[in-house]
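J.: My structure is below; once you've seen it, I'll send some questions.
The values are calculated or read from the model by the stated rules, or taken from the named source; none is laboratory data. If you're wondering where the values come from, they're calculated on a predicted model, not measured in any experiment. All Cβ positions, glycine included, derive from the backbone under ideal geometry; neighbour counts span all protein chains shown.
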Amino acid sequence: MSPLLCRYARVGGALLLAVFLPLRVDSQTSSSGGPQPASQPDERSAVDIVKALGGATLALAMHEGGHLAFDAAFDARPRLERVHFGPFPFFAVAHRGDLSPRRELTVSSAGFWVQEASSEWLLTRRRALRHEHAPLAKGVLAFNVLNSVGYACVAFARRGPFERDTRGVADSIGVDERAIGAVVLAPALFDAYRFFKPDARWAKWASRAVKAGSVLLVVRQAHR
């Protein structure tokens, strides 16, 4: 693993801790205002972690669902393929390789669009999300941020499975994959900042501008 990849992996780990640590309840009170038994906060924390992981799983399903929706629209014959990231086995939703550049760009970008749209919805509708007891929503947001950080890492290193989304986007418009990594990383970092600083208007509009820009790439490709 390259030093750059290691550095971004550490950033991803820090973001994971930053998002999940607020799930823990430091103190609980009963309906009568007195302290609850010590075991109850621990049980609630365990349930919260399960719900947060459920949120992350939901976000993963939504990401893949974005790909599958456009695969179906373009008759791209989607299929599951076993891939490896280093020594680790995984799977990828692959499609036929003869799509037009515009369709390849759309299919490869769709998962990121779903992530960005769901993060935007959460951060707009629930500006105080950090202070809410909302493990499922925080799990969705954590996955969206960390998945984008992970994709950016492999894009910067230009390593990983051939089926990776950032390579598909880069090849479809003929740019360096590292540029796509930056486009994917930027809104994730802005959204993480917004989670902690919901009143930061510059972060909100910077995030929205980058997200809109990724959609405009498809519009521009369609008119070539």
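J.: Could you say whether any residue in the range 136-145 is farther than 22 Å from MET62 by Cα and at pLDDT 90 or above?
T.: Within the range 136-145, the subset farther than 22 Å from MET62 by Cα is none.
No, every residue in the range 136-145 fails to be farther than 22 Å from MET62 by Cα and at pLDDT 90 or above.
J.: Among the candidates SER119, SER207, SER172, SER214, single out the residue that is touching a residue at least 24 places away in the same chain (Cβ under 8 Å), surrounded by fewer than 20 Cβ atoms within 10 Å (Cβ to Cβ) and of a type in the set (S, T, N, Q).
T.: None of the other options fit; the residue is SER214.
J.: Right, next: Among helices (runs of 4 or more DSSP H) lying entirely in the range 112-224, which contain 3 or more residues that are over 25 Å from HIS95 (Cβ atoms) and in contact with a helix residue (DSSP H, G or I) (Cβ under 9 Å, 6 or more places away or on another chain)? Spell out how you get there, then give the answer.
T.: Working: elements: 135-157, 165-173, 177-196, 201-222.
In the range 112-224, 135-157, 177-196, 201-222 are the helices (runs of 4 or more DSSP H) which contain 3 or more residues that are over 25 Å from HIS95 (Cβ atoms) and in contact with a helix residue (DSSP H, G or I) (Cβ under 9 Å, 6 or more places away or on another chain).
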